[in-house]
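Values quoted throughout were computed directly from the atomic coordinates according to the rules given, and no laboratory measurement underlies them. On a predicted model such as this, the values are computed, not experimentally measured, just so you know. Quick reminder, even Gly has a Cβ in these numbers, built from the backbone with ideal geometry, and neighbours come from all protein chains shown.
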Amino acid sequence: MERQRSYGGVMVGQLLLAVVLCAPGPIGLVVGGVAWSHGEDWAWIALAAGLAVSAPIPFMARTTARRQFPRITRRDTAKEEDVVPYGEHTFVLWAPESPRGHPQARLERADVLEASLVRYSPEGEATFTTYSGTYTPDEFTPLVRLTLRVRDEEGPDGAGEFEVTDEWRVPSVCLSAVTAGRLAVLVDPAGKVTPLWPRSTLLAGTRTGRVIDLEGRTTDITRFTGRQLRQMRISRDVGGIAMAGDTIDLRRLDAATAARYTAVAEWARTSPEERAPVTEPGEESRWIVDSLPGDPAAFGSVSRRWSRRGGVLVRGRFLKMSPTDTFQDHGPVLDTVLRIQPADGTPPFDAARRLTVPLNYLAVLHRTKDVVLYTSPNGGAYVVDWSRTNLLAGTTEATVITPDGRELPLAGRPDAIWALMNLLASHGLSTLTPVLDLRRHRMRAVAGAVMDALAARP
């Protein structure tokens, strides 16, 4: 696991690398300087050539450092004209387009009974790999074996069900639909099942969903699967309906389509349904998170210098993710909007930043969009800490071992985990695993405070 790094250290490393790559430039400057001191007429040629080659070095170093160490500053604040009105619980996810399928295919719900990762095998190591256009290669798209129970409500037998097992490529940003256990699928006349991944993230509750009716009233339909399926079928019938962020505005639709949506809203009013659970039962049989790459979950590393100078942890929340044409082995590079709550109590701000998001975090995105960031002592820069983020998100269960040897699992207790992370960081204590063992000598000084924090946050 990588210890806490600094932007300055990465910048210096990239500057030295750029100097090596552009070595003829500095060499030309040295040669030209020596020749100039000796009065050689050709010295200006060497100086000009050396300057031309050397000039891009700081810009190359800054660009590469910013890419490899994606810190967030106030300069990354999202531009007002580029931001939809994000509510407190909004999450907008732009996913790859689904296939249209057979014209007579039926759009149904499928429950994921079992899931296992078959293959995910990129070979680029830690490098960035970029493709032209919107092409997503198979090597960066996990192949997952799924057993589905399809609820064939529109089939010839009415509300029948059937099971199917097959292997499908799952776009990285849609992995949470598998873990949540609810998919939207097409069933063609021959019985072939095709998952519709963007619609599946909506059905799974990863993406939030809202509808503005003809009177301008907004209704949250996130995880109301019956209503969502009916709306999806209307959208497919009319050739697709655009969402502004996470919202469908009936006032922007043609009268006939708006009337069909209004009829669905009336059906939902007269036949109320319960909101579906965050995760369907049997999650352990489809838990592919442990097989996916990403930073291991941990209470986190701490630089003693950072801690002594007053560096702190803060929380943020993803409001938007959209794919790019660039990938790393452990996750896709996404354009994101992240709402950050500064530690000094000032109002939160929304930052637009391109980030590499690990696959194991994407697989639990239906549970949480929260992230942990560490910030510089002056609060001028923020960096996502993926190890702490993954622990807070529950990719691995956090555990505390008490001084008398008892094990206290912290599953489902994010507030307690958050409190412990801050306590350890403030004392300059690194714990590079998801297990906090208070029997260790270096933990004795905080053992009492840890137990008090756990008692205060059941």
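Based on the Cβ-Cβ distance of R149 and A55, what FRET efficiency does E = 1/(1 + (r/R0)^6) give at R0 = 45 Å, to the nearest 0.05? In this case the efficiency is close to 0.10. Sequence-ordered 3J(HN,Hα) estimates for the stretch 352-362 from the Karplus curve with 6.51, -1.76 and 1.60 and θ = phi - 60° stand at 9, 8, 7, 10, 8, 9, x, 5, 5, 6, 4 Hz, glycine and proline given as x.
Only sites in a loop by DSSP and with at most 11 other Cβ atoms within 10 Å count here; which trypsin sites (Lys or Arg not before Pro) in the stretch 72-123 make the cut? Loop-located and lightly packed - K79.
Determine, for each peptide in 408-416, 219-227, the mean count of other beta carbons within 10 angstrom over its residues, then list the peptides with the highest first. Walk me through the numbers before you get to the answer.
Numbers: 408-416: 15.0, 219-227: 19.4.
Packing order, densest peptide first, comes out as 219-227, 408-416.
When Lys and Arg each count +1 and Asp and Glu each count -1, what net charge do the other residues less than 13 Å away from V193, Cβ to Cβ, add up to?
Numbers: positive: R106, R109, R149, R151, K192; negative: E108, D111, D152, E161, E163, D166, E167, D188.
Residues close to V193 contribute a combined charge of -3.
Distance from the Cα centroid of the stretch 422-451 to that of the stretch 246-277 is 51 Å (rounded to whole angstrom).
The distance between label points at R442 and F162 comes to 5.9 nm (points 7 Å beyond Cα on the Cα→Cβ vector). For T218 and D452, a Förster radius of 25 Å and the Cβ-Cβ distance give a FRET efficiency of 0.05, rounded to the nearest 0.05.
Gyration tensor analysis over the Cα atoms of the stretch 94-285 returns equivalent ellipsoid semi-axes of 29, 21, 16 Å (largest first, whole Å).
Volume per residue, Å³, of the convex hull around the alpha-carbon atoms of the stretch 253-321? Write out the running numbers ahead of the final one.
Details: hull volume 16.9 nm³, N = 69.
About 244 Å³ per residue, rounded to a whole number.
Excluding same-chain neighbours fewer than eight residues apart, the lysines reachable from K320 by a Cα-Cα span under 29 Å are K79, K369. Semi-axis lengths, largest first, of the ellipsoid equivalent to the chain are 44, 31, 22 Å, with √(5λ) applied to each eigenvalue of the Cα gyration tensor. Helical runs (DSSP H, four residues minimum) scored at -39500 (n - 2.57) apiece and divided by the length of the chain put the mean residue ellipticity at 222 nm at -9000 deg cm²/dmol. Please quote Rg/Rh for the stretch 292-456 to two decimal places, taking the Kirkwood radius as Rh and restricting both calculations to Cα atoms. When Rh is taken as the Kirkwood radius, the ratio is 0.97.
Extension gain, E40 to D138: 0.36 nm times the residue separation minus the Cα-Cα distance gives 29.4 nm. Seen from G32, the other residues with C-beta closer than 15 Å to its C-beta sum to a net charge of -2, counting Lys and Arg as +1 and Asp and Glu as -1.
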